[in-house]
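Take a look at the structure below.
The values are calculated or read from the model by the stated rules, or taken from the named source; none is laboratory data. Keep in mind that this is a model prediction, so the values were computed, not measured. FYI the Cβ positions are ideal-geometry reconstructions off the backbone, even for glycines, and counts take in every protein chain you see. The area values use the complete protein model at the heavy-atom level, side chains included, leaving out ligands, DNA and RNA. Shrake-Rupley method; radii C 1.70, N 1.55, O 1.52, S 1.80 Å.
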Amino acid sequence: MCEQKQTVKSRFAPSPTGFMHIGNLRTALYSWLLAKSLGGDFILRIEDTDQERLVEGAVDVIIDTLKMTGLNYDEGPGVGGEAGPYVQSERKEIYRKYADQLVAQGDAYYCFCSAERLQQLHDENGLGGYDRHCRDLSADEVAERLARGESYVIRQRIPLEGVTKYYDEVFGEIEMENKEMQDQVLLKADGFPTYNFAHVVDDHLMGVTHVVRGSEYLTSTPKYALLYDAFGWQRPHYVHLPLLMGRGEDGKVSKLSKRHGAVSFQELVKNGYLPQAILNYIALLGWCPKGNNQEIFTLEELQQSFSIDAISKSPSIFDYDKLNWFNSEYIKAMSAEDFAAVALPVINETCPSYINAAKLAELLHSRVTTLAEIAAQVDFIAGRLPMEGDLYTNKKNKTTPKLCAQILADIKPVLAETPAWDNDSLFALLKDFAAETGVKSGAVMWAVRVAVARKAVTPGGATELLEVLGRDEALARIEQAIAELNA
Ligand code: GLU
């Protein structure tokens, strides 16, 4: 008989903080890629046992992010699965049973130390180290104090001698002297487990084979490994990911945080970045495809190329310029319809309803790096800008305010009468007008563009802007320009 191979299962286990830090999203992505590249399952588990830090709506933020990025989960809140519930606060009773088992085995113990006592310890040694004060209370004393209803926590009894080792798939063999480890709290006074305990129990019960998470957990993992051993459970594969760093204005590199810029997925989306561009970029922050320099990857392509051994252990720096590059590549690669679908809501929100929004979206497609730039690019369409400086004087096109006034006065009746109001027809019209009047066509285009835009740089030329603004508004702006030039 052949041995049955265990299905690969990885999980993403965020604490609901109200936003999705980009480092957490990378963890979710790598965990998802690991499972999917090995034909396995991906679990979402909400780690909300810290009842003091609950944030309303925070679980939705997590679920929405995974939806928007296509990181579908096979088991989790809203999806179900055999090992549910997948929200830790709904599993309180489960942990108690396992904590009791450890106490019965002698691998954990009751601790009755008051918060004041612990605080004092903290002040004395400056490290907050627990002095194992309750580690050797007699069974009778424990029973008596429990009967009295004293408040307690349950702590892990870490061996005082020896070394605990584990193998990390990215960082290699990690070892820690047992005496360096604290008798950490497993079950808190409110009956809720700590992260340290809950995640071990859950990873086991949920059949997680690969624990993928940030390298901040690298040094606490020996304690978790000891818990697996105490229960006689098989340890999972550990895959700790390299740190994500940011570069400050002074050039110094430190852990990626708000001071470096937007660091949550929600903020980046709000700032006009596309979910797929963000995902593509962060995929490369700590993982490098083998054998080629490909940078643009669909999620499917990432899944095909991904492997654990190509994860790097050196920290990666989140580079906002590089993200801009990815985003503009993704925008350029969008179909006209897809771009219109994301650009039109922004256009419609900022611009009056009479403009030709579809045409404007078409003009913007090749001209923006992020969707957030749209508002600034269309400010002159949203409303009439004040004239700043003398834009009518232009060397290259040899225009002066006087010449522009003349051109505008002559072209206005022609524009008022022309039957077609699309770019091609208007372009031909202005060309013909230039030929007939003997004015350079560049000068005609310049005068018209400045009159309707009052801006030197616009998304599109004179006749494209005329088409976007529509005849009535364009003529009104030209009339206003003539009046101002003659004043
Ligand atoms: N809830 C932990 C966090 O958000 C998860 C760590 C882990 O994946 O084990 O950091």
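When you scan segment 185-224, how many residues do you find that are closer than 30 Å to Ser316 by Cα, crowded, with 19+ Cβ neighbours inside 10 Å and away from the ligand (no atom under 13 Å from the Cβ)?
2
Quick check on my filter: what residues within segment 136-170 are within 30 Å of Asp309 (Cα to Cα) and surrounded by 17 or more Cβ atoms within 10 Å (Cβ to Cβ)?
Correct list: Thr164, Tyr166, Asp168, Val170.
When residues of segment 60-81 are filtered for being over 23 Å from Ser264 (Cβ atoms), open to solvent by 40 Å² or more (accessible area, probe 1.4 Å) and out of contact with any Asp or Glu (no Cβ under 6 Å at 6 or more places or on another chain), how many remain?
1
Does Ser151 count as of a type in the set (Gly, Ala, Ser), in contact (Cβ under 8 Å) with a residue 24 or more places away in the chain, within 13 Å of the ligand (Cβ to nearest atom) and farther than 25 Å from Asp41 by Cα?
no
State all residues of segment 321-375 that are touching a residue at least 12 places away in the same chain (Cβ under 8 Å), closer than 22 Å to Glu467 by Cα and open to solvent by 60 Å² or more (accessible area, probe 1.4 Å); if no residue qualifies, say none.
Ala336, Tyr354, Ala358, Glu362, Ser366, Arg367, Glu373
Which residue, of Gly40, Gly57, is away from the ligand (no atom under 14 Å from the Cβ), more than 13 Å from the chain's Cα centre (by Cα) and open to solvent by less than 20 Å² (accessible area, probe 1.4 Å)?
Of the residues listed, the single one that is away from the ligand (no atom under 14 Å from the Cβ), more than 13 Å from the chain's Cα centre (by Cα) and open to solvent by less than 20 Å² (accessible area, probe 1.4 Å) is Gly40.
Scan segment 112-119 and give yes if some residue there is open to solvent by less than 50 Å² (accessible area, probe 1.4 Å), of a type outside the set (Phe, Trp, Tyr) and either outside any loop (DSSP other than H, G, I, E, B) or touching a helix residue (DSSP H, G or I) at 6+ places or on another chain (Cβ under 8 Å) (or both), otherwise no.
Scanning segment 112-119 turns up no residue that is open to solvent by less than 50 Å² (accessible area, probe 1.4 Å), of a type outside the set (Phe, Trp, Tyr) and either outside any loop (DSSP other than H, G, I, E, B) or touching a helix residue (DSSP H, G or I) at 6+ places or on another chain (Cβ under 8 Å) (or both).
So which helices (runs of 4 or more DSSP H) are wholly in segment 389-486 and hold at least 2 residues that are surrounded by fewer than 18 Cβ atoms within 10 Å (Cβ to Cβ)?
401-417, 423-437, 441-453, 471-486
Quick one: in segment 274-320, of everything that is assigned to a loop (DSSP other than H, G, I, E, B) and among the aliphatic types (A, V, I, L, M), which residue is surrounded by the fewest Cβ atoms within 10 Å (Cβ to Cβ)?
Ile296
When only residues in segment 3-36 that are closer than 21 Å to His204 by Cα, of a type in the set (D, E, K, R) and open to solvent by less than 50 Å² (accessible area, probe 1.4 Å) count, which is farthest from the ligand (Cβ to nearest atom)?
Here the answer is Lys36.
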